[in-house]
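Take this structure first; my questions come after.
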Amino acid sequence: MPASQNNIKLLTGNSHVELSHLISEKLNIGLANVTAFQYTNRETAVIVGESVRDEDVYVIQTGCGEQNINDYLMEMMVIMNALRTSSARRITAVIPNFPYARQDKKDRSRAPITAKLIANLLQTAGCNHVITMDLHASQIQGFFRVPVDNLYAEPLVLRYIKEKYNKDDLVIVSPDAGGAKRVASIADKLDVRFALIHKERQRANEVSRMVLVGDVKDNVCILIDDMADTCGTLCKAADILMDNGAQKVIAIVTHGIFSSNAIEKLNLSRLDKIVCTNSMPLADKLQKCPKLEIIDISPILAEAIRRLHHGESVSYLFNNAPS
Amino acid sequence: MRNLVVLGGTSHPDLTKSICRILTTEESDVNIGRFSNGETSIEIQGSVRDKDVFIIQSGSGHINDNFVQLLIMIAACKTASARRVTAVLPLFPYSRQPDVPHAAVATGAPSITTKKDTYTYESAPSTPRPWTKSGFDFGTPPPFNLGVNSSSGIGAAGHILPKSFRAKQDKPVERSGERAAERASERISERSTERNSERSTERLVEKSEKSCDLAKPNDSGYKKWISQNGTLIANLLMTAGADRCVTMDLHDPQFQGFFNIPVDNLYSKPLLKHYIIDYIPNYQQCVIVSPDSGGAKRATSIADAIGCQFALIHKERRAKANSSGPPSAPGPLGTRSAGGFSSTSSVNNPNGHQLVATTMLVGDVRDRVCVLVDDLVDTSYTITRAAKLLKDQGALYVYALVTHGVFSGDAINRIAKSSIDKLITTNSTPQKTHSEMLGDKLVVIDVSRVLAEAIRRIHNGESVSMLFDHGW
């Protein structure tokens, strides 16, 4: 008897339907008829409209929303639980921006390690595999007992820089010491110089004093970070770079959260341009911020899904960007 | 009390305060907030090392937010070396996951939140459904504009929900589900606004060709179903590290079986019983009524305990074949059947046959005081419909006794205009705004004493079962 057919099913939560559609177009697979909704009492439920028995299911949901990040999280777990109940063979959570990734350590007494909790909750809900992108700390992979594919936006960023900028007068800058490794790797691959901004941080989301290490005079500076939240760091970094004689400053980040008044800050800042991926929905912010530019990550996610489904190696994607 | 720590979530701070006062203990300091990106942040101020921690969080308000908050607090206490963490959930979230729908899009909560001037309390069971366009006019958003909606994330609470639904409208693959939801909404609007009934019937007929019925197998032969998340919630609580759960009047007693940890299910029955005995004049003469067959057992046990009569309202929805004509005018027909009074209304099903909805009262309530007993009122459709049927059958006065008053959507407005003369509920969920809106019509019973006593007994290792019968 031949093995039963094992098809891909793509599902989307409500957090970032646009990205799901892009992935679905790239893979040429429609989104499955599974709909998450809320009752009036705000409990989440999901209507499963087609069979997923013995299928290889991918649930696309990103961590976003200042008011409803927890709704989307519950939604993802409800969907995965429903899929498990309906005998899906393998459930893969595709989470471009992993929620609660920054709460990954017990940095003060009685602080919750929420990233670990989320990892446990996702596994409890029935997730067998996780695809994510540029985890804030790659150690979060260790919080899971299931395989985690942490993809990198780096190849896409490299391509973007190569296409747009002349590498002769380029300096890659890390806005904090934590990102030095990421920035050094990009600078090596582009064969350009890199600089570092050291910041003394008193509290989260608050930046106090910054010191530039390296020379940026008359150069185009590219600030690279994994996420831009309130953008305080980026704006201050841009100030420092401009004060030190930079020609212009561009910021490239993977996850553009842009919470609270980040967009206004960016508009007023001395940043020439801010580039981020569409790991989170940004359509309204694009309209409000003329400096914002988007790199599409759907090809990399789609290719990762395709490779995972066919049992091919995903590590190719760490260094190469599919188009 | 030594080594006892009581923490409260943001869902119901008044209840936490009240419980702490009764326990004569200080509520421990927790800073609950949000990071700028929306993630929940928890800071537990006092030490919990080797303490017996109780975390009080009700399943009300922004349920998912509150639930995640609870999970994070449990995990934080566990990582901070708490000896035992007990989740106290006066109203258990997701406990009333509706049944797998047998004839409708969904059972559960319909979603009209707009305030209406008139309500009809037809005796036809409604067809509650997911978010539909009826309450909100979305216009026709162009495809792929969802980012606008979902990323902004800020706004009034009421805007969050339609936003998520709006997102769905663009998904072509889900069109059939949406259509079904639309159709269901029209079914409702047909019933509820009689003026428009003709027009919506026409629309129904128009839609009938392209609609696919949820109850019917679709092209692939797959029957749509709606997830039930009871086990998920239980598993998540255990994963977060809860060692014990205390809750009240679980909708399904089987819920306890979903857990591998002890679950103490307290009962509000003694409190409700005391209310009947203390406040209802001539309570021996009243009739206890269950608004649906599912609650019959709960209602009979109260009727037995105080020694009064019992009646039952039964609703059913049956598809009657071979009636392809236009539907008869919706509305109660008040026929007298063998079993008792029943009222029927029929709704045209796009598949050509009629869906006959019957609500039947079993028992006699003429010239009697009726006490409706239910465990949870959400949209209030069931209970207001039941109250109307009772008044139609000659009931003098209708009390409604409900353990958990969720009152989502426009439930409060419905109740205000309904035949319910007095609504009694508990403060397992915050009732402040509700009682402001309903005034004297709403009586709130305090459950903090029962919960506090349960906490005290659990902490001291005493038996909790005594609370089941006597209350506190």
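The values are calculated or read from the model by the stated rules, or taken from the named source; none is laboratory data. For clarity, every value in this text was computed on a predicted model and none was experimentally measured. Because the Cβ atoms are built from the backbone with ideal geometry, glycine has one as well, and the counts that use them run over all protein chains shown.
Go through the stretch B:426-470 and report how many residues are in a loop (DSSP other than H, G, I, E, B) and surrounded by fewer than 20 Cβ atoms within 10 Å (Cβ to Cβ).
Matching residues across the stretch B:426-470 total 6.
Residue by residue through the stretch B:367-416, note down the ones that are part of a loop (DSSP other than H, G, I, E, B), more than 18 Å from residue B:298 (Cβ to Cβ) and either out of contact with any helix residue (DSSP H, G or I) (no Cβ under 9 Å at 6 or more places or on another chain) or modelled with pLDDT under 90 (or both). Before the answer, list the steps.
Let us first name the residues in the stretch B:367-416 that are part of a loop (DSSP other than H, G, I, E, B), namely B:367-368, B:378-380, B:393-396, B:406-410.
If we keep only those that are more than 18 Å from residue B:298 (Cβ to Cβ) as well, we get B:367-368, B:379, B:393-396, B:407-410.
Within the stretch B:367-416, B:367, B:379, B:393, B:394, B:396, B:408, B:409, B:410 meet the criteria.
If residue B:23 meets every condition in (1) more than 30 Å from residue A:232 (Cα to Cα); (2) under 29 Å from the mean Cα position of the chain (by Cα) apart from one, which number is that one?
Only one criterion in (1) more than 30 Å from residue A:232 (Cα to Cα); (2) under 29 Å from the mean Cα position of the chain (by Cα) is unmet by residue B:23, namely (2).
Does the stretch A:148-161 contain any residue that is more than 14 Å from chain B (Cβ to nearest Cβ), in a loop (DSSP other than H, G, I, E, B) and over 30 Å from residue A:303 (Cβ atoms)?
no
Please work out which residue is surrounded by the most Cβ atoms within 10 Å (Cβ to Cβ), limiting yourself to the stretch A:125-148 and to residues that are of a type outside the set (A, V, I, L, M, F, W, C) and over 13 Å from the mean Cα position of the chain (by Cα). Give the steps one after another, and end with the answer.
As a first pass, look at the stretch A:125-148 and keep what is of a type outside the set (A, V, I, L, M, F, W, C): A:126, A:128-129, A:132, A:134, A:136, A:138-139, A:141-142, A:145, A:147.
Among the residues that remain, those that are also over 13 Å from the mean Cα position of the chain (by Cα) are: A:126, A:128-129, A:139, A:141-142, A:145, A:147.
Details: A:126: 21, A:128: 17, A:129: 17, A:139: 11, A:141: 16, A:142: 11, A:145: 9, A:147: 13.
The residue in question is A:126.
Just to confirm my filter: which strands (runs of 3 or more DSSP E) fall fully inside the stretch B:10-80 and include at least 2 residues that are at the interface with another protein chain (Cβ under 9 Å from one of its Cβ atoms), buried (at least 18 other Cβ atoms within 10 Å of the Cβ) and touching a helix residue (DSSP H, G or I) at 6+ places or on another chain (Cβ under 9 Å)?
On the way: elements: B:30-34, B:40-44, B:52-56.
Filter on the stretch B:10-80 gives B:40-44.
Looking at residue A:92, is it of a type in the set (Ser, Thr, Tyr), crowded, with 24+ Cβ neighbours inside 10 Å and more than 13 Å from chain B (Cβ to nearest Cβ)?
Numbers: of a type in the set (Ser, Thr, Tyr): yes; crowded, with 24+ Cβ neighbours inside 10 Å: yes; more than 13 Å from chain B (Cβ to nearest Cβ): yes.
Here the answer is yes, as residue A:92 does meet what is asked.
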